[in-house]
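Derivation of every value follows stated rules applied to the coordinates shown; laboratory data play no part. Given the structure is predicted, the values throughout are model-derived calculations rather than measurements. Because the Cβ atoms are built from the backbone with ideal geometry, glycine has one as well, and the counts that use them run over all protein chains shown.
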Amino acid sequence: MAQMLRALRPLPREGERERRFTLLADALVARGRGDGWGSTNANAAAILALSELLAEGGDGPAVRAELRHDGRHEPLTVGGRAPAVHWRSAAAGEVTVELPATAAAPLSAVSEASWIPAASGAEAAARQAGFVLRRTLEIERHGAPAEAPQERVTIDRPGSEVALVQGEIVEERIQIVNPEDRHFVAVVVPLAAGFEPLNPALETAPPEARPRGRDTLEPTYAFFLDDQAAFYFDALPKGTYDLFFRVRAQIPGRFVQPPAKVEMMYDASVAATSAGATIEIAPRPER
């Protein structure tokens, strides 16, 4: 649809041809969901086609409005050769767009707000919107026999506190409930700053880097950074999935563990997070 729109745009348009061209443009916009059209290539094609269309402007009447925010009044002119106007502010508060009673055409506005929460990430509550995500820590305590079961701590409420000792191994278990077949799904698991991620794929990885649990489905791609582990799936069929990896409690101190997150890469409205937690790592006892 995007390629057809770009191909037809330079041609003369009037009458029935203009009507069909408008239908095609409207259909392309309607196919976008959340924050995209379904893949990187589709996003690029759609944005190119629509940006070229917007750059044409139009011959319609311009609408003059007034924007009020943070004690300031700013004039806006939308229409004609400027069919869209972008405005941004770093100040919080109400934004009002006022049209004069004699406005020649209606005006549409889209607003987007982002912020950094004042509360600690340890107090973040779990969220479910199309997925369910559960995060469990399975701990190998110092002095426990090698065959002993791991101590299990489920992060199921905001502000959970987990006490560890320096050097203890923690196996992260991320469980995802997916109610329908989906494509291009990302799972990102931030780590508390006192943790050292253990990547079993490295040739120099120690034996304790290999988790006891086995992934339900091998990710299309996975990587381990100092502050997070991430897993990506080109396709994730309907079902329940477990992902496992290990970290070592390396640095003594008290740290925030932010929530883990699963989301569709091209529709961020379909997502879920676990609750936040606090990790406290005590120094290793002297022998």
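Computed quantities for the displayed model
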| read-out | value |
| --- | --- |
| Peptide ranges 203-214, 98-109, 259-270, 275-286 listed from the most packed, as the mean C-beta count within 10 angstrom indicates | 259-270, 275-286, 203-214, 98-109 |
| Stokes-Einstein D (µm²/s) once Rh is taken as the Kirkwood radius of the chain over alpha-carbon pairs, at 37 °C in 0.692 mPa s | 142 µm²/s |
| Cα centroid of region 187-249 to Cα centroid of region 1-27, whole Å | 47 Å |
| Spin-label zone in region 167-186 - amide nitrogen under 15 Å from a point set 7 Å from the Cα of H142 along the C-beta vector | 167-170 |
| Helical contribution to [θ] at 222 nm, DSSP H n ≥ 4, -39,500 (n - 2.57), averaged over the chain, rounded to 500 | -4500 deg cm²/dmol |
| Efficiency of FRET between Q3 and N199 - r from beta-carbon atoms, R0 45 angstrom, step 0.05 | 0.65 |
| Zone of A55's modelled label, taken as backbone nitrogen in region 1-34 under 14 Å from a point 7 Å along Cα→Cβ | 6-7, 9-10 |
| Calculated FRET efficiency for the pair E161/E94, C-beta based, R₀ 41 Å, to 0.05 | 0.60 |
| Counted charge near K238, where neighbours are those whose Cβ lies closer than 11 Å (Asp, Glu -1; Lys, Arg +1) | -1 |
| Using alpha-carbon coordinates, inclination of helix 40-55 to the longest axis of the chain, degrees | 30 degrees |
| Fully extended contour minus Cα-Cα distance, from E14 to E74, at 0.36 nm per residue | 18.0 nm |
| Magnitude of the charge dipole, region 59-111, Cβ model with Lys/Arg +1 and Asp/Glu -1, debye to 20 | 120 debye |
| Global geometry of region 8-100, whether rounded, prolate or oblate, following the gyration tensor of its Cα atoms and the 1.5 cut on a/c | oblate |
| Rounded to 10°, Cα long-axis angle of helix 16-31 versus longest principal axis of the chain | 20 degrees |
